[in-house]
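Presented below is the structure to which this report refers.
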Amino acid sequence: GVTQSPTHLIKTRGQQVTLRCSSQSGHNTVSWYQQALGQGPQFIFQYYREEENGRGNFPPRFSGLQFPNDSSELNVNALELDDSALYLCASSSGHLQETQYFGPGTRLLVL
Amino acid sequence: GNSVTQMEGPVTLSEEAFLTINCTYTATGYPSLFWYVQYPGEGLQLLLKATKADDKGSNKGFEATYRKETTSFHLEKGSVQVSDSAVYFCALNQAGTALIFGKGTTLSVSS
């Protein structure tokens, strides 16, 4: 399945953070979501074959990478208190495939 | 733009009661529709899906039918168990990029 690391993280305002995701075997598309407490997940961006394939309404300080082995990183610069959330990674089996499978998430707390 | 509206919770039921969680959507074209479930402290698990009108998705006793005429995808289960207590999210996807989620409905089942 999809794995994410770390499981929990505490940072202070202004710092930078990197979250990691390993896709399910055979999946080459990865999407990242932010889930604030008590809310539904919000789409951050998607990567397909190492290129950004779509982006939600998030500022440029949210950036990502996808690697040749289909693992992925989410980087957030200049952390703000409102960035505190559960960050979810999801993978799918190809371009335009609509079924996404989620990892357990990384819970980020910004103090 | 595309959107999903779910009934607000929490929904509180006794074991073996009938469950309905309403979901309606707004979309151009013909999206795929999904129900995901989130247990406390975990990521999202795909519960069921439907990809075209009149399709019925089913899994673990849960069912939902894609109704294009009413733009709905209501989740039902004939007899809930305590282990079904979780947050349920309705979502849509079009063209394989962003999943658009509802705000989630919390289900609490007591014995």
- Item | Only one of B:LYS52, B:LYS103 that is assigned to a loop (DSSP other than H, G, I, E, B), farther than 30 Å from A:THR3 by Cβ and within 12 Å of chain A (Cβ to nearest Cβ) | B:LYS52
- Checked B:ALA98, B:ALA91 against criteria (within 14 Å of another protein chain (Cβ to nearest Cβ), buried (at least 19 other Cβ atoms within 10 Å of the Cβ) and touching a residue at least 24 places away in the same chain (Cβ under 8 Å)); the one match is B:ALA91
- Picking from B:GLY61, B:GLY1, the residue that is in contact with a strand residue (DSSP E or B) (Cβ under 9 Å, 6 or more places away or on another chain), farther than 21 Å from B:SER83 by Cα and either open to solvent by less than 70 Å² (accessible area, probe 1.4 Å) or at pLDDT below 95 (or both) would be B:GLY1
- Message: When you check A:GLY40 against the structure, is it open to solvent by less than 40 Å² (accessible area, probe 1.4 Å), free of Cβ contacts under 8 Å to residues at least 40 places away in the same chain, over 20 Å from B:GLY43 (Cα atoms) and at the interface with chain B (Cβ under 10 Å from one of its Cβ atoms), yes or no?
- Response: no
- Within the stretch B:60-71, can one find any residue that is assigned to a loop (DSSP other than H, G, I, E, B) and within 14 Å of another protein chain (Cβ to nearest Cβ)? yes
- When the residues of the stretch A:51-66 are filtered to those that are surrounded by 13 or more Cβ atoms within 10 Å (Cβ to Cβ) and away from chain B (no Cβ under 11 Å), which remaining residue is farthest from B:GLY96 (Cα to Cα)? A:ARG61
- Do you know which residues across the stretch A:67-87 are without any contact (Cβ under 8 Å) to a residue 60 or more places away in the chain, in a strand (DSSP E or B) and more than 14 Å from every other protein chain (Cβ to nearest Cβ)? A:SER72, A:GLU73, A:LEU74, A:ASN75
- Note on the structure: Of the residues in the stretch A:1-27 that are assigned to a strand (DSSP E or B) and more than 18 Å from A:ASP70 (Cα to Cα), the one that is least open to solvent (accessible area, probe 1.4 Å) is A:VAL17
- Message: Restricting to the stretch B:21-49, name every residue that is assigned to a loop (DSSP other than H, G, I, E, B) and modelled with pLDDT of 95 or more.
- Response: B:ASN22
- Query: Of the conditions (1) more than 26 Å from B:THR106 (Cβ to Cβ); (2) in contact with a Lys or Arg (Cβ under 7 Å, 6 or more places away or on another chain); (3) at pLDDT 95 or above, A:ASN28 fails just one. Which one is it?
  - Reply: (3)
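The values are calculated or read from the model by the stated rules, or taken from the named source; none is laboratory data. Note that this is a predicted model, so its numbers are computed, not measured. Cβ atoms come from the backbone with ideal geometry, glycine included; neighbour counts cover every protein chain shown. We work out accessible area using only protein heavy atoms, side chains counted, and drop any ligands, DNA or RNA first. Shrake-Rupley method; radii C 1.70, N 1.55, O 1.52, S 1.80 Å.
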